[in-house]
Every structure is written in C-alpha cells, then in structure tokens.
Amino acid sequence: MLKIGTRGSNLAMTQAGHMRDAIMATGAEAELKIVKTAGDKSMAPVERIGVGVFTTALRDALFDATVDVAVHSFKDLPTAPDERAHLIVPKRENNREALIARDGLTLTQLPKGARVGTSAPRRVSQLRALRPDLDIRPLRGNIETRMSYVTDGELDAVVLAYAGLSRAGYSAHATEVFDPEVFMPAPAQGALAVECRADDETTRATIDHLVDHEASICAAAERQILATLQAGCTAPVASYATLDEGVITLRGGVFATDGSAQLVEEASGTDPVEVGRAVARQLFERGAARYMN
C-alpha cells in the first residue's frame, strides 16, 4: 500500500486524490496520509515565512519513509533539485489567473478604490500596474476562506489560480479568467509535482506512468527563469510557456511591486533549460535584480 503525503486542505487533498486514483489505475494500492506543514500553522504572508513553507514537511515525511509519495503544487517547490527525490509532472490544469468578484464584476468593472485580496508580490505588482486605484489587501487561507471574504462583503474581489478553482470544483465562481499576456501566472502554476524516493525503484516505475510530456517541458522552462535569476517562488516573477511541434515559446516577466515597472521578455527553442536561461538573461540585462528583493 503506497502512502501518498498531502497537506490537509480541501484543494491539496483533492489534488492528491486525483494522483491516488491515477496510481491505483496502474494496479497499485494507495491511500492518502495528511502531513502538517509550516504553511498550515501560520497565517503570515508566504513571503515572510519563506520558500518551501508548504513543501519541506512533505519532503521530510517522504525521506524518513513516513510516506512513499509526496504531491506538491509545483510552483511551491524550491528550484534547486533534491537528489534524494525522483520527480515527475502529470497532466497540467489551466495555468491562468482568475478573479472572483462581487456581483459578477470583471477587473475593469470594479469601482475605484475596490478592495482586492492577494498577498503574492507577483499578483500585487500586476494589479497595481493594471489598476493603480485599487485598495489591495493581504490574503491567506484556503480557497474557501479566500472566497468567503467576497461573499461576506469584507472584500470586493480576490485573485486566485484558476487551476485550484477547477480542481476544487469552484471554477464557476470565477468572474474573469485572465489572458496570460494581460495577467501573467506564476512559473509552473497549474502543474503538480509528484515525488518519490530516488532509490525506490518500484514506486519510481509506478509514478512514471503519470508523466505528461508537454506539462513537464513547459514547467521546466518556466521554473528555469526562477533558477537562473535565483529568485524564490514569492518573488514578483511570472512566466508561461507553450509547446508547439517541439518548439517551446516562453514569456517571462519581473515586476515592480508598486506597479511602476514591468519587464517582459520572450524566447523560443527546443531545450527548456536553454530557453529559460535566455529569457532570464534578457530580464537580468534590463535590470530585473532591482525588483526581486
């Protein structure tokens, strides 16, 4: 029986549940095991708690054999590879950003001074560039908690990942789903990372059945921007990649959190690492470092 480690939120358990079902479809037996993480125990903004806040405990449980498989939101993982782990990326959900607003409003329809909830510097910076008049409020909690701020009238809108809404069954609550060229998502947003111990050959063979070629390549290119810039998952860095007949097209951005500057670059190629490095170099040459602290 494979033990699949997951956080205890509805979204995390839903994501891990999909992976459990996919693993069981290969003929293996599997069950979920909830692992408490530092991110579940603190309501401080993620950028204060640190990179890996949602993933370290899961990896610890994996490496001490409390669980056999760990399921992460790939965008939460540090970019440095861990040689103890074997990581695969399954089929990806829609990676775009979504708005949930009162009265079915879109971003342009929100009134001047509307209260919009998000704590991610990448989202804050892009919101301020698009709508400098907004009153942006810090936001933490699971999907249900974040949406409740709108339904209870404390906020006029919140920005969430559309992938999470879709997986948790809330996609109909989105009042606007943004074009990634208008509102750029986080690197690897919508992708899951499924890990097992590198020396566990049997489990490696099992999870390898879940690999999605396109998702793996696009997520690798997007995350390479972070790795090359030496930026964490909470930095105001965004990217998205597409794959067409073997050619990767990668667009990446670094943003000033006050909305005053947006550096956006693009590159194409067949190697995700080289394409990611090319975009990162262009961003660095334009002064990206000044916006990442």
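Please find, among Val194, Val275, the residue that is part of a strand (DSSP E or B) and either under 14 Å from the mean Cα position of the chain (by Cα) or not basic (Lys, Arg) (or both).
Val194
Return the total of residues in the stretch 261-272 being touching a residue at least 40 places away in the same chain (Cβ under 8 Å) and either assigned to a strand (DSSP E or B) or at positive phi (or both).
Total satisfying the criteria: 2.
Determine, yes or no, whether Ala120 is surrounded by 20 or more Cβ atoms within 10 Å (Cβ to Cβ), at pLDDT below 95 and farther than 30 Å from Asp208 by Cα.
yes
Find all pairs meeting these conditions: Cβ atoms under 8 angstrom apart; at least six residues apart or on different chains; first residue within the stretch 247-260 and part of a strand (DSSP E or B); second residue among the aromatic types (Phe, Trp, Tyr) and open to solvent by 20 Å² or more (accessible area, probe 1.4 Å).
Pairs that qualify, where the first residue is part of a strand (DSSP E or B) and the partner is among the aromatic types (Phe, Trp, Tyr) and open to solvent by 20 Å² or more (accessible area, probe 1.4 Å), are Leu250/Tyr240; Arg251/Tyr240; Val254/Tyr291; Phe255/Tyr291.
Scan the stretch 102-120 residue by residue and report those that are over 18 Å from Val182 (Cα atoms) and in a loop (DSSP other than H, G, I, E, B).
Pro111, Lys112, Gly113, Ala114, Ser119
Can you tell me which of Thr79, Thr145 is open to solvent by 30 Å² or more (accessible area, probe 1.4 Å) and either part of a loop (DSSP other than H, G, I, E, B) or within 21 Å of Ala227 (Cβ to Cβ) (or both)?
Thr79
If you check Thr203, Thr228, which single one turns out to be within 17 Å of Glu83 (Cα to Cα) and assigned to a helix (DSSP H, G or I)?
On inspection, the qualifying residue turns out to be Thr203.
What are the residue pairs meeting all of these: first residue in the stretch 278-289, first residue more than 11 Å from Thr228 (Cβ to Cβ), second residue among the polar types (S, T, N, Q), Cβ atoms under 6 Å, and 6 or more apart or on different chains?
Within 6 Å, no pair qualifies.
Scan the stretch 44-74 residue by residue and report those that are at pLDDT below 90, part of a helix (DSSP H, G or I) and farther than 20 Å from Ser239 by Cβ.
Arg48, Ile49
Condition (residue is more than 16 Å from Lys75 (Cα to Cα), in contact with a helix residue (DSSP H, G or I) (Cβ under 8 Å, 6 or more places away or on another chain) and crowded, with 20+ Cβ neighbours inside 10 Å) applied to the stretch 208-219: is it met by at least one residue?
no
Checking Val275 against (1) surrounded by 14 or more Cβ atoms within 10 Å (Cβ to Cβ); (2) under 20 Å from Arg123 (Cα atoms); (3) aliphatic (A, V, I, L, M): exactly one of these is not met. Which one?
Val275 satisfies all of (1) surrounded by 14 or more Cβ atoms within 10 Å (Cβ to Cβ); (2) under 20 Å from Arg123 (Cα atoms); (3) aliphatic (A, V, I, L, M) except (2).
In the stretch 158-185, what count of residues is obtained for those that are open to solvent by less than 30 Å² (accessible area, probe 1.4 Å), touching a Phe, Trp or Tyr at 6+ places or on another chain (Cβ under 9 Å) and among the small types (Gly, Ala, Ser)?
Qualifying residue count for the region: 2.
In the stretch 92-134, what count of residues is obtained for those that are charged (D, E, K, R) and more than 14 Å from the chain's Cα centre (by Cα)?
Here the count works out to 7.
Does any residue in the stretch 190-204 that is over 22 Å from Lys75 (Cα atoms) and touching a residue at least 12 places away in the same chain (Cβ under 8 Å) come within less than 8 Å, Cβ to Cβ, of a residue that is buried (at least 19 other Cβ atoms within 10 Å of the Cβ) and aliphatic (A, V, I, L, M) six or more places away or on a different chain, and which pairs are these?
Thr203/Leu2; Thr203/Val69
The values are calculated or read from the model by the stated rules, or taken from the named source; none is laboratory data. Everything numeric in this text was worked out from a predicted model, so none of it was measured. In this analysis, Cβ positions are derived from the backbone assuming ideal geometry, glycine residues included, and neighbour counts consider all displayed protein chains. For the accessible areas, the whole protein counts, side chains as well, though only heavy atoms, and no ligand, DNA or RNA atoms are used. Shrake-Rupley method; radii C 1.70, N 1.55, O 1.52, S 1.80 Å.
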